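The values are calculated or read from the model by the stated rules, or taken from the named source; none is laboratory data. Owing to the predicted nature of the structure, the values given are computational and were not obtained by experimental measurement. A quick note on method: Cβ atoms are made from the backbone with ideal geometry, for glycine too, and the neighbour counts reach across all protein chains shown. With ligands, DNA and RNA removed, areas are computed over all heavy atoms of the protein, side chains included. Shrake-Rupley method; radii C 1.70, N 1.55, O 1.52, S 1.80 Å.
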Amino acid sequence: HVWDKEADRALSDKEIEDLPATISKWLLYYNISGKVLDLGCNIGKWYKAFAKHGFDYTGIDQSARAISHAITRYPNARFICTRIQNFLEENIYDLAFTSAVLQHNKDDRKDFIIGVIRRALKKYGYYIMTENTVNSDVDGYSKTKDSWINFVTARCFSFIAYDPSGPYYLFRVIK
């Protein structure tokens, strides 16, 4: 399975000790805290960075191997092995996070994933994503900055901020 191979490869990556400066600033400026849901968490590489900011972390991934590695590495975090479409928790999280998740799915799957995120978030919860951003929409997977913003805002989110260094996008639920 491709995602199991990715989990094994990710073990050699350097751990992420801190959130990127932009995300840290957004958390402080918008007073974002509480529970974070990391969708497509792989081996939990973002756990330490979110924990350092005081978040109660939950990571989900479809790869049993990735979740096994994550549990071994970070036994104090909560990890769930499930496909995103099977994740049913609602109105629990203050923040949802994806890193290179949407870009691996066609628009109909992206639409479904955004719906899962929206349902998992509390009223007025936040969503931070970092996804491949291109100069023109050509392949049905990656999108331009404006296309990402339009795609997410069309699904009951308001756009708040963008930083090209990630690129990082910040949205908020408008239930």
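Exactly one condition in (1) at pLDDT 95 or above; (2) over 23 Å from I43 (Cα atoms) is not met by K106; state its number.
Of the numbered conditions (1) at pLDDT 95 or above; (2) over 23 Å from I43 (Cα atoms), the odd one out for K106 is (1).
Mind listing just one residue for me: the one in the range 96-140 that is aromatic (F, W, Y) and either open to solvent by less than 70 Å² (accessible area, probe 1.4 Å) or part of a strand (DSSP E or B) (or both) and, of those, farthest from F157 (Cα to Cα)?
Among residues in the range 96-140 that are aromatic (F, W, Y) and either open to solvent by less than 70 Å² (accessible area, probe 1.4 Å) or part of a strand (DSSP E or B) (or both), the one farthest from F157 (Cα to Cα) is F97.
Take the residues in the range 72-95 that are of a type in the set (F, W, Y) and out of contact with any Leu (no Cβ under 6 Å at 6 or more places or on another chain), then tell me which one is surrounded by the most Cβ atoms within 10 Å (Cβ to Cβ).
F79
Within the range 25-71, can you find the residues that are open to solvent by less than 10 Å² (accessible area, probe 1.4 Å) and of a type in the set (F, W, Y)?
F50, Y57
When residues of the range 149-175 are filtered for being part of a helix (DSSP H, G or I) and open to solvent by less than 30 Å² (accessible area, probe 1.4 Å), how many remain?
Total satisfying the criteria: 3.
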